[in-house]
Amino acid sequence: MDIRPLFRFLIFLMVMLPCVHVSAQEHQEKMGERISIVEHITADSVNVIIQPDELLELLKYEKVSDEPERKGNIGYRVQVFSDNNARTAKNEARSKSRNISSRFPQYRTYVMYTSPYWRLRVGDFATEAEAEAADLKRAFPSYSREIRVVRDRINVNNLK
C-alpha cells in the first residue's frame, strides 16, 4: 500500500490548520458587530470593486414610458370556446373558427388541445383593452356565454 497520498494530505492539513484557526478567531472577534458584505469583501484592501460609469447611470435612472412594458410574447386573446367532450369538441371548435375567420379575417384563430380541453382563441392583442375592443360578443351573440379575454402567449409578429 502506497502511503504517499496520505502523507501529502497530512502535510496539507498541517499547513492549512493555522490559517483556518486565524480566520475563525477573526470571525469570533467580529461576531459582536455585524458587517456588510461590502465591508467584508474590502476589509483587507486586497479586493477592489470596479463599477463602470455606464452601469452607474443605468442604476440611477429608471426607464419612463407611456407604453406598458412587454415581457416576451405574453399578451391577450379572446377565448370563444372551451369544451372537454371527446366526441364533439374538436369539430365544434373548428366550426366556430371558420365562422369567426369569415366574419373577421383580420384576426387569426387558434384551435388548441390541452388535455382534456379543446379551445378556440382569437387574435393576438398586446393589451386587455384591445382584446375587449374586438367585440366578438356583439358579432356572435350565440357564443357570448363562453367569450372571455384571457392571457396567453401571442404571436408578436401579428400585433397591429
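What follows is calculated from the coordinates using simple rules that are stated; it is not laboratory data. Not measured: the values here are computed from a predicted model. All Cβ positions, glycine included, derive from the backbone under ideal geometry; neighbour counts span all protein chains shown.
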Normalised Cα Rg of segment 75-160, dividing by 2.2 N^0.38 Å with N its residue count, works out at 1.01
Using each residue's phi in segment 112-122, evaluate 6.51 cos²θ - 1.76 cosθ + 1.60 at θ = phi - 60° and report the 3J(HN,Hα) Karplus result to the nearest Hz, with x for Gly and Pro. 10, 10, 10, 3, x, 9, 9, 10, 10, 10, 10
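Using the Cα centre as the reference, give the magnitude of the dipole from point charges on the C-beta atoms of segment 116-160 (Lys, Arg: +1; Asp, Glu: -1; all else neutral), rounded to the nearest 20 debye. Walk me through the numbers before you get to the answer.
Working: 9 positive and 7 negative charges, 34 e Å.
Charge dipole, segment 116-160, about its Cα centre: 160 debye, nearest 20.
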